[in-house]
Amino acid sequence: MAEHVEVRRGSYADSVTLMQVSRDVSSVGGVETAMVAMATPLNLELLEDMGFEVPEASPTDMVVAVRVRDGLDSAIGLEAVESALAAASSGPMVGVEEDVAARTTGSALRRGDDAGLVLVSVPGQYAFAEAMDALQAGRHVMVFSDNVPVEQEVRIKTEADRRGLLVMGPDCGTAVVGGLGLGFANAVRPGPVGIVAASGTGCQQLLALLDAAGAGVSAALGVGGRDLSAAIGGLATRQALRMLDADPATERIVVISKPPAPDVAAALEDHAASLGTPVQWALLGPGRPDLTVAAEELLTTLGYDVPTWPTWGVPSRRDCTSGRPDVQSRRGKMGLLRGLFCGGTLCDEAMLLTTDELGPVRSNIPLSPELALDESLTAGGHLMIDFGDDRLTAGRAHPMIDPTLRLEHLAEHAADPATGVLLLDVVLGHAAHPDPAADLAPAIRSARAAAAEQGRDLPVVVSCIGTTADPQDLHRQAEALAAAGAWVFASNAQATRAALALLTGHAPHSRAEIAEVADRRSTTSAISARKERPDVQSRREGLLDEPSIVAVGADLLADSIAAQAGRVRRVEWRPPMPGTGNDLATVAADPLRENANAEAVRRVLGTQAMLVDVVPASEALGLSPGDFLHAGPPVTWELAAGPLRGALMGACALEGLAERPEDAVPLLESGRGVTLDPCHHHGAVGPMAGVVSASMWMFVLEDADTGRRTYCSLNEGLGKVLRYGAYGPDVLDRLRWMGRVLGPLLQYAVRETGPVDVTGILTQMLQMGDEAHNRNRAGTLMLMRDLVPAMIASGTPGDDIADAVRFIGNNDHFFLNLAMPTCKLALDAARDIEGSTMVVAMARNGTDFGIQVAGTGNTWFTAPAEIPDGLYLGDFGPDDANPDIGDSAIAETAGLGGFAMAAAPAIVRFVGGSVPDALSTTRRMYEITLAESSRWTIPALEFRGVPTGIDVTAVARTGILPQINTGMAGKVAGTGQVGAGLVTPPAEVFTQAVAALAAATRARTVGP
Amino acid sequence: MTARTTVAAATSPWVAERVAGPPRTVPVVARGSHAAYVDVGGAWIGVLAARAVWLPCGLRTTRLVLPEAGDAAVVGGGSVSWGRYDVRVRRLVDPGVPRLPGLERSEPVPAGAYAAYDDSLAAVRAELPEAALSRLADGAPAAVDALLGRGGGLTPVGDDVLAGWLVTRRAAGRPCGRVADAVEREVAAGRTAPLSATLLLRAAVGETIPQLRDVLQARHAGESVEPAMSRLLAVGHTSGAGLALGSALALDDPLSVTFSARPANVSVEDVTVTRVV
């Protein structure tokens, strides 16, 4: 037997799609079994159960496992996997004219979208973040996902309530707005009834009956199964009632649910009584009317005739009114009722009716705990199973989509002589199986035939819930089932009563009897008195008018909307970085976050940096000889990489602490008289090794509004220079000349010319093909244009001026050392904003990559830096390269460099890739940033602002890492530059940052 | 056999009924890339692309461009088919405007405060006899004779005015039966273009385009109508303005009238203006 197991890292498809793929592949000739799934712990267990070797994989990886028959090549299975995956690929992504799909709900909604509703169906633990995105953008949400923790439900609904928005769900599988069926819903005619439903299939039963009676529905709003519990207090129900009351087209509202918690019920009844629209309560529980009775009451009060509810097929052999049926086991006892259901509420309704008539019913969703079935799902006595219950849908699609498990049970019960009647529901509509009768009718036929062979007549009663406009067509389905020998009803309650009658020999209740019984029961279907419409004009909420939808999660739901001529755009969602799910939800729930980030962005975009002076570091930063600053997060000599060591050695010689650089090593090792600190801790930034020592001259950048300052040394040029770890005599000579001639000349020029608007130069650079990290040519020239006149008039000897101008002119990267502190100046403005998730620094010391975040103070989140991938100079190759180094990633942090590649497509000649790659890199960065710059815009993107303000939560959610363009240093000290390329931070720094933000949120929100 | 392509469509229950039943061949009476019309027993049923105006007699699809239609189509079983395309009803929507009690109490759209509105309405008024408009404002059935079929194109502007009036009166709960009856009679007598006829009959039961519905909803809710009104006025060449004018007349809005372009040979009766300047 040939087996093949492989892991596809970073591949993703939703679970429903993958189950279909697995099934398709398993059915290919020669394939014994196959499983294609995301490597969640549950799926890996299933994989093991199937006898496969379990690979190392995380939930963000896809695992493909195929077993083929002896003698065959597993390649046939793999081919089948490829074609199944290709066939399953989804429709057009959001923003079809762009090449980067939206990866989060927030991103999708920022694309100038008018979507009235977001439909969330990602796995439950991730639904919260998507839902909060929607609410933050002012849209209603439907959360189809289940397994959302109750605290999160409270938080989302409280937030929605604050904003006057509706949350349908969590675990809301059914809604209808503007005729559009969302989730499992039916194609129903428009009409005067508004439904508020805490139950999906209960809602579907009502939709079907109202449609059959010609009444129709203005909207069906789901509120999720838990909304009416004490924990939630009916928040969504309240909102739904308000919306339907305000809708002029809704004349009557009906609320379908199990009975709510008593306090909740009382509060809602008060609320309902204050509305202008009458509200009917259809609460399903012991002693209360069934859904069909509720529908009939509704119709009557609206003035519609109550029709005879459709039935199809002939009752099996025995007319149930003419005495005892001969449907008995050989022991002469009454046969047993076996109910096999897809819909939980339909099962509940059937159980309630059955309990009244026959006594207790065992179930996996029992009416009381002692009636619970064990895992075998078998029992003597009457039983009813809800195959849609969570425990039966782990690793399996819902029975409304995949009938397999139910059909197995059908066959088993049919073969059991104790079975008196089989009762099933078939739920039609959007998103459900396209032709349930195709599987069910033959199964019914076989079941009855098998029973007949044993001399038994086995009646099969089916409730067929759907409408004529449903894709499956109610009549076609019902007729097919009837032709197979089933007795089919449009009403689940009637079907149940018919099944009971077949067992007991009593006629099913007449309508009059039912009505009488209903009257005698408690007044749960009380209709609040109609009140005068208040003077405030009501307004139909846009949601109710066929909204366009943004769908995130299972493709099946988006497909179903498109199939109803609805407008839907899909988010290309992926699970977040492993281990971040809970923390992301905590941070998403932080009440400070939205405003904190807005403030952070405002401050960053509002900072204007002026070059005001050029002074030695001793003056600017108070450095003495022996004090050294370096790029990146804190590091020690022991851990420092080659380029940094070389630069420190050279700097020691420069400051006269050692005769030659090599002599400085013992000093640096001992640390005596030497201090080592990140540039960032002193308001400075340094490119590559970034070593700053006392005598080096520094550019001084100032924020005109606040007087805050940042600093950076002067750029030495390309090739063998100190910042690449070279420390030869010419390196030191050059540094001394820069200190003696260049620094003072620039100081004079700046003081004479007046402050230079560096932020403004950056604006122009982007229009001229620079991105301010690896391409600074235009910036350098513009700086020269500003300063050279004053340099010339400085009175300095002409040769020195010529040398200085030539020096700057020969160095296309000269401006980098102004771009960097400008970016730092802007980002520092956002430091220490509590609750903000924005990155304020990205920096590397040659060993580690570190980031700092606005909401977590001065904490560095670090992990080993990666080696850039790009193009090499001369004979150099990957083995020569040092890991990523330098503070220059501050450019990307502010939206330049790799983030602005679309402004500098020529960069691809240096860092590799193609021009389209350059454009799509910038587009991808929009997915992880909070805003677009107002000043720095990109012509090729129609002057769209550069992506500004990296949001660590967006990085964790999308897995998209910030793209950095960088030079590459040789790992051996003194080598110099070996190339240029692309690099990203290590993902772990973002995981750490999210964890820290979550901890800060928890600490803040817990407390007195 | 080539595979057939299903195109999903949303439509009203009335249109759904017209395309239900056994399949039969019908003529394609008008076609373009954004809309194609078939004649189903005298009613013009449209198949509409995504950006076409959502007429109440249409099957709305999300396709940007319609597949090219020939001279005939097959209608039945919930779909309209031509070539290898089946435009299938998959969703039912309500193009009707419900009873909006707030309309009665609503503020009129202020004349003179909104230039585009005044200009558009003035352009429409210039094409129609002032007396007829005045009679319509009074709810007199005689207005129908004077307005029906007046103006050119698939939907003559006089018909648009009548349609806007009918939908609005109905939504406001004011009597409109006599005018509606007159419309039905004259339409049955073939007095106007067939698409317009279909739309007028739908208007008589309250069905109209979403843009007019939005204006009425905004007025009922006491909100500013300007955004919705701009969108309505942008519909068609003059259709939107015609609907808006009819709607204003139905609610007794004061309308500014410019007489500068009035033709010289106007009769005395026509000049009698009972509407406020």
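The values are calculated or read from the model by the stated rules, or taken from the named source; none is laboratory data. Please read these numbers as outputs of a predicted model, since none were measured by experiment. Here Cβ is always computed from backbone atoms with ideal geometry, including for glycine, and neighbour counts include all displayed protein chains. In case anyone asks, the SASA skips ligands and DNA or RNA and just uses the protein heavy atoms, side chains included. Shrake-Rupley method; radii C 1.70, N 1.55, O 1.52, S 1.80 Å.
To the nearest ten degrees, helix A:915-925 and the longest principal axis of the Cα atoms of chain A are 70 degrees apart. Towards the positive end of the charge dipole of the stretch A:577-1008, with charges on Cβ (+1 Lys, Arg; -1 Asp, Glu), say which of A:Thr759, A:Gln992, A:Leu644 has the farthest Cα. So the residue we want is A:Thr759. Legend: mean number of C-beta atoms from other chains within 10 angstrom of residue C-beta atoms, peptide A:171-178, equals 1.
The DSSP beta bridges internal to the protein assembly as shown are antiparallel in roughly 55% of cases. Ranking A:Ala826, A:Val36, A:Leu787 by Cα position along the charge dipole of the protein assembly as shown, where only Lys, Arg, Asp and Glu carry charges on their C-beta atoms, puts A:Val36 farthest toward the positive end.
Taking the Cα atoms of chain A, the ratio Rg/Rh between the radius of gyration and the Kirkwood radius comes to 1.10. Each Cα pair under 8 Å and six or more residues apart adds its separation to the average, and for the stretch A:2-87 the resulting relative contact order is 43 percent. Peptide A:562-570 has a mean of 5 when you count, residue by residue, the C-beta atoms of other protein chains within 10 Å of its C-beta. Interface burial in the stretch A:187-216, defined as at least 40 Å² less accessible area with all protein chains than with the chain alone at a 1.4 Å probe, covers A:Pro190. Charge tally around A:Val614: other residues with Cβ under 14 Å, Lys/Arg +1 each, Asp/Glu -1 each, net -2.
Specify which residue in the list A:Ala588, A:Leu291, A:Ala115 is farthest towards the positive end of the charge dipole of the protein assembly as shown, using unit charges on the beta carbon of Lys, Arg (+1) and Asp, Glu (-1), about the Cα centre. Working it through, the farthest residue towards the positive pole turns out to be A:Leu291. In terms of the mean number of neighbouring beta-carbon atoms within 10 Å, the peptides A:186-194, A:910-918, A:149-157, A:825-833 order highest first as A:186-194, A:825-833, A:149-157, A:910-918.
Converting phi to 3J(HN,Hα) with the Karplus coefficients 6.51, -1.76 and 1.60 and the offset θ = phi - 60°, the stretch A:844-860 yields 10, 9, x, 10, 10, 9, x, 10, 10, 10, 3, x, 10, x, 8, 4, 9 Hz in sequence order, with x at every glycine or proline.
Positive contributions from Lys and Arg (+1) and negative ones from Asp and Glu (-1), summed over other residues with Cβ under 15 Å from the Cβ of A:Val674, come out at -4. Under 8 Å for C-alpha pairs, at least 6 residues apart: give me the relative contact order for the stretch B:102-271, rounded to a whole percent. Reported relative contact order: 35 percent. Between the helical axis of A:988-1005 and the longest alpha-carbon principal axis of chain A there is an angle of about 70 degrees.
Accessible surface for the protein assembly as shown, divided over its residues, is 37 Å² per residue with a 1.4 Å probe. For the peptides A:864-870, A:26-32, the ranking by mean Cβ contacts within 10 Å, running from highest to lowest, is A:864-870, A:26-32.
Karplus-based coupling profile of the stretch A:803-812, in residue order and whole Hz: 4, 5, 5, 5, 4, 5, x, 7, 10, 5, with θ = phi - 60° in 6.51 cos²θ - 1.76 cosθ + 1.60 and x standing for Gly or Pro. Under a 5 Å amide H cut-off, with hydrogens placed 1.01 Å from N, A:Val840 pairs with A:Gln852, A:Val853, A:Ala854 among residues at least 5 apart or on other chains.
Among the trypsin sites (Lys or Arg not before Pro) within the stretch A:8-87, those in coil by DSSP and having at most 14 neighbouring Cβ atoms inside 10 Å are A:Arg69. Whole-Hz Karplus values for the stretch A:388-395 come out as x, 4, 3, 5, 9, 10, 6, x Hz, taken residue by residue from phi with 6.51 cos²θ - 1.76 cosθ + 1.60 and θ = phi - 60°; glycine and proline positions read x.
Normalised by the number of residues in chain A, the average gap of Cα pairs under 8 Å and 6 or more apart makes the relative contact order 10 percent. Above 31 Å, the calculated P(r) of the stretch A:311-508 contains 10 percent of its Cα-Cα pairs. Interface between chains A and B: roughly 2000 Å² of accessible area buried, both sides summed (probe 1.4 Å, protein heavy atoms only).
Close amide-amide hydrogen proximity is noted between A:Arg569 and A:Ile549, A:Val550, A:Ala551, each under 5 Å apart and 5 or more residues distant or on a separate chain (H modeled in the peptide plane; Pro and chain starts excluded). For the segment B:83-94, counting C-beta atoms of other chains within 10 Å of every residue's C-beta and taking the mean gives 6. Would you tally the net charge around B:Pro23, using a Cβ to Cβ cut-off of less than 14 Å, leaving B:Pro23 out, and scoring K and R as +1, D and E as -1? Here the count lands on +3. Loop-located chymotrypsin sites (Phe, Trp or Tyr not before Pro) across the stretch A:922-953 with a Cβ neighbour count of 13 or fewer within 10 Å are A:Phe943, with loop assigned by DSSP. Taking the 1.4 Å solvent-accessible surface of the stretch B:5-92 as the whole, the part contributed by carbon and sulfur is 53%. Could you list the trypsin sites (Lys or Arg not before Pro) in the stretch B:35-88 that lie in coil according to DSSP, counting only those with at most 15 other Cβ atoms within 10 Å of their Cβ? Here the sparse-neighbourhood loop sites are B:Arg51, B:Arg84.
Whole-percent P(r), the stretch B:5-92, all Cα pairs, 5 Å bins from 0: 3, 17, 32, 30, 16, 2, 0. If one takes the longest principal axis of the Cα atoms in chain A, at what angle in degrees, from 0 to 90 and to the nearest 10, does the Cα axis of helix A:235-246 lie? Helix A:235-246 sits roughly 80 degrees off the main axis of chain A.
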